[in-house]
Amino acid sequence: MFTLIKTNDVKTVRDFFKKFNLPKENSHKGQNGKVLIIGGSSLFHAASLWAAEVSSHFVDIVHYCSTKENQKIFLNLKTKFRNGIIVSKKDLIDYVEEDDAILVGPGMIRKNKLNIKNQVSKIHLKHQKDLIDIKDEALYTYFLPKFLIENFSQKKFVFDAGALQMMEKEWLLKLKTPAILTPHQKEFERLFGEKIFDLDFEKKVEIVKKYAKKYKIIILLKAIKDIVSDGEKTYVVEGGNQGLTKGGSGDVLAGLVVSFYAKNKALESAIFASILLKRTADVLFLEKGYWYNINNLIEAVPLVLKKIII
């Protein structure tokens, strides 16, 4: 069983967003959310930057850390992302400790884990320096979630994209605070080792619920109809359109999830993000048809949320 939320059902959407934590009156800088986004690589910078840009609309402070410590790229990022703070990898742990929620994975390099198995067995992380010293970007993608989970199990994590494709599902059992995972169907299969792509919808719902319960996490399975579950409660979010098939929409979703998780409950944060992204796609369709881009989404999202809440 699941609860269906249709994004064109304005009353239902507004009723659900009554749970949304708005910025507090008389609050000060930082009290309405601080997030850390860890992503990007020598090949993919846009993905994590999109997540960071959309996050900057909803929290007080966005810290952004790329996986590539290349001075030229690092300086280039500072010119592209002005709505947050670029931090270096050597200072990463300070911001993990400081921030309310952490997104790991968008734009990070991944490889077939079988191809790096021998390399993985030779690396033992005892200190932050051991993590920083990893030069192979795919290995860094593998070991970063492991290091963070083992050393900061109480933190609010969102795992997306590259992190989901490289991490081991058993690590999730070490978390003391539920993580939110935002896989598409192939990433789900890769992480949990169970085929779901060709199953009927009701069976997909059952499997998402099963793994959310087993690993004590929240899963937001991205699809035409998103499935969101904490293992006890399950929601299906229906809406959006083909414009969301463009690369980058998942990165925007991950940015929304981590922003909302900074000051909201885990399950509700995932549902808020799913509804808002699909509802924004509905609104953009009226103006642009299917031919909106990721920047259109990022700019429209806060306006759509305003109409829902205010």
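Since every read-out is calculated from the coordinates, none of them should be taken as a lab result. This is a predicted model, so every value here is computed, not measured. In this analysis, Cβ positions are derived from the backbone assuming ideal geometry, glycine residues included, and neighbour counts consider all displayed protein chains.
Applying 1/(1 + (r/R0)^6) with R0 = 25 Å to the Cβ-Cβ distance of residue 186 and residue 21 gives a FRET efficiency near 0.15. Here the contact order of the range 72-225, divided by its residue count and restricted to Cα pairs under 8 Å and six or more residues apart, works out to 21 percent. Summarising the label geometry, the points placed 7 Å from Cα in the beta-carbon direction at residue 115 and residue 169 lie 2.3 nm from one another. Each residue of the range 101-258 gets 115 Å³ once the volume of the Cα convex hull is shared out per residue. Sparse packing (at most 10 other Cβ atoms within 10 Å of the Cβ) combined with a DSSP loop state is found for none of the trypsin sites (Lys or Arg not before Pro) in the range 213-254. For the pair the range 253-310 and the range 165-184, the centres of their Cα atoms are 24 angstrom apart.
Pairs from the table (222/246; 209/233; 34/213; 174/214) lying more than 20 angstrom apart at Cα are 34/213. When you restrict to C-alpha pairs under 8 Å that are six or more residues apart and normalise by the size of the chain, the relative contact order lands at 21 percent. At a Förster radius of 30 Å, what calculated FRET efficiency corresponds to the Cβ-Cβ distance of residue 98 and residue 232, to the nearest 0.05? E(calc), rounded to 0.05, equals 0.45.
For the range 234-275, the list of chymotrypsin sites (Phe, Trp or Tyr not before Pro) that fall in a loop by DSSP and count at most 16 other C-beta atoms within 10 angstrom is empty.
Taken over the Cα atoms of the range 105-149, the convex hull encloses 76 Å³ per residue. Among the trypsin sites (Lys or Arg not before Pro) within the range 154-189, those in coil by DSSP and having at most 12 neighbouring Cβ atoms inside 10 Å are 176. Projecting label points 7 angstrom from Cα along Cα→Cβ for residue 309 and residue 122 puts them 5.0 nm apart. The radius of gyration of the Cα set in the chain, together with its Dmax, comes out at 18.4, 56 angstrom. In the range 158-216, one over the average inverse separation of all distinct C-alpha pairs is 11.9 Å, which is the Kirkwood hydrodynamic radius. The alpha-carbon atoms of the range 192-276 define a convex hull whose volume equals 100 cubic angstrom per residue.
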